[in-house]
Amino acid sequence: MDTKEKFQFGFDIGSISINTVVMDSGGKIISDRYDYNHGKPFEKLKEILEELEKEYSKDQFAHLSFTGTGGKLAAGLLNGSYVNEIVAQSSSVSRLYPQVRTIIEMGGEDSKLIFMDKLDENASRLSDFELNTICAAGTGSFLDQQANRIGISIENEFGELSLKSVDPPRIAGRCSVFAKSDMIHLQQIATPVHDIVAGLCFAVARNFISSLGRGKTIAFPVIFQGGVSSNIGMVRAFKELLNAKDGDLLIPDHNTSMGAMGAVLNNLAEGEKEEKEYQGTAELDKYIQGEKSRGKSFAPLSPPKSEIKKEVFPIPESDEPYEVYLGLDIGSLSTNVVLIDDQNRVFARRYLPTASKPLDAIRRGMSEIHEEMGDRV
């Protein structure tokens, strides 16, 4: 690599992930990456920077640009520049997709609806925006939580499953508590998982349009970006609810990195091309090791003084099958199967995840107990 060439580095530090881009001085993207921060954004940022230092020499770091919830603090610790999230998202769209009139951006815990004015064929500018309230309902983490509840992968299975649904059921999307209640009901009546997943996608999209749109015109072309735009089930939901035709709803090539790209492009456009010497991660490391980053904590809970008895009795020896009673407890999260006698002694039990398939869970639990007990009961 040419050691004389210098690069712009952009970071979008969110609640769920850090999105990183490397760009040249002309605004051309060299590489991008998407990393989950697992609740430790600054530790992950340090790790990313250390990896970048192995690929690029320190004198190739022309400028560091930050956006996102942790961007302002990171910019101060790393001698970089901070760009407001709305400005960053609109800057990348204005530069790369000037024909776009509306931006839908959905991340882990926030959502944005941004409106763009057309200046000419090759330029647009930010005209208005709306943000979601401080609630995870209707965001990426909401979908992630529900995917975990029903035992499927948000990255791989979720979107693909939702496309199998022909008539998605109605699920409340304005509140995660109500959504959970709706999902429990659907699970209890053995609604197929792909219908529940599709219902969640439509609930989130419907909530976004009604709460952030608030009667405003969502003009086409619309661009959908942020981590949630990688979910093809959400793309389908927005297309259908917005009555979008071919070409009306765009997914950018670097859909998860538009904020980080916008931070760099905004700084280049504002003329902030003067180089700031990259100081490394020393200050960032001091912050990570300091008291502020750890916060206050309480003493750990003490262990229970008594243990729960989980005794299972052997079947009494007899020439005839022993008489037992079968109990089934089918919940939204777990299915429990047990065999007891008239003295309430437990002879066999199973605890299984329901995983939105109660009939399958019952069948599995009963089959396992039958294999264990055979004709002795």
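Scanning segment 7-31 for residues that are at pLDDT 95 or above and within 19 Å of the chain's Cα centre (by Cα), we see that the one that is nearest to Leu268 (Cα to Cα) is Phe11. When Asp360 is tested against the conditions (1) at positive phi; (2) surrounded by 13 or more Cβ atoms within 10 Å (Cβ to Cβ), the lone failure is (1).
Being free of Cβ contacts under 8 Å to residues at least 40 places away in the same chain, within 30 Å of Leu328 (Cα to Cα) and touching a Gly at 6+ places or on another chain (Cβ under 9 Å): is that true of Ala198 here? It is true that Ala198 is free of Cβ contacts under 8 Å to residues at least 40 places away in the same chain, within 30 Å of Leu328 (Cα to Cα) and touching a Gly at 6+ places or on another chain (Cβ under 9 Å).
The residues of segment 83-110 that are in contact (Cβ under 8 Å) with a residue 24 or more places away in the chain and farther than 19 Å from Leu250 by Cα, listed by number, are Val83, Glu85, Val87, Gly108, Glu109, Asp110. Give the residue that is farthest from Asp35 (Cα to Cα), with candidates limited to residues of segment 75-94 that are in a helix (DSSP H, G or I) and more than 24 Å from the chain's Cα centre (by Cα). Result: Ser94.
Filtered by the rule that a residue be buried (at least 24 other Cβ atoms within 10 Å of the Cβ) and either among the hydroxyl-bearing types (Ser, Thr, Tyr) or part of a loop (DSSP other than H, G, I, E, B) (or both), segment 95-106 gives no residues. Checking each residue in segment 141-195 for being aliphatic (A, V, I, L, M) and closer than 20 Å to Ser334 by Cβ picks out Ala147, Ile150, Ile152, Val177, Ala179, Met183, Ile184, Leu186, Ile189, Ala190, Val193. Taken together, Ser293, Ser332 contain a single residue that is at pLDDT below 80, under 30 Å from Leu73 (Cα atoms) and open to solvent by less than 100 Å² (accessible area, probe 1.4 Å), which is Ser293. For Glu240, the test of being open to solvent by 70 Å² or more (accessible area, probe 1.4 Å), in a helix (DSSP H, G or I) and more than 29 Å from Ser81 (Cβ to Cβ) is passed. The conditions of being of a type in the set (Asp, Glu), over 28 Å from Lys118 (Cα atoms) and open to solvent by 50 Å² or more (accessible area, probe 1.4 Å) are met by Glu277.
Cβ-Cβ distances below 7 Å connect the following pairs, each with a first residue in segment 313-338 that is over 15 Å from Ser367 (Cα atoms), a second residue that is loosely packed, with under 10 Cβ neighbours inside 10 Å, and a separation of six or more residues or different chains: Pro321/Asp375. The sole residue among Leu52, Leu45 that is part of a helix (DSSP H, G or I), in contact (Cβ under 8 Å) with a residue 12 or more places away in the chain and either polar (S, T, N, Q) or surrounded by fewer than 23 Cβ atoms within 10 Å (Cβ to Cβ) (or both) is Leu52.
Against the test of being within 17 Å of Lys276 (Cα to Cα) and under 23 Å from the mean Cα position of the chain (by Cα), the options Lys40, Lys44, Lys4, Lys72 yield a single qualifying residue, Lys72. The residues of segment 24-42 that are outside any loop (DSSP other than H, G, I, E, B) and farther than 27 Å from Glu109 by Cα amount to a single one, Ile30. The helices (runs of 4 or more DSSP H) found wholly in segment 114-226 and carrying at least 1 residues that are closer than 22 Å to Asn243 by Cα, modelled with pLDDT under 90 and open to solvent by less than 40 Å² (accessible area, probe 1.4 Å) occupy 157-162, 193-208.
The values are calculated or read from the model by the stated rules, or taken from the named source; none is laboratory data. Computed from a predicted structure; not experimentally measured. Neighbour counts run over all protein chains shown; Cβ positions are idealised from the backbone, glycine included. With ligands, DNA and RNA removed, areas are computed over all heavy atoms of the protein, side chains included. Shrake-Rupley method; radii C 1.70, N 1.55, O 1.52, S 1.80 Å.
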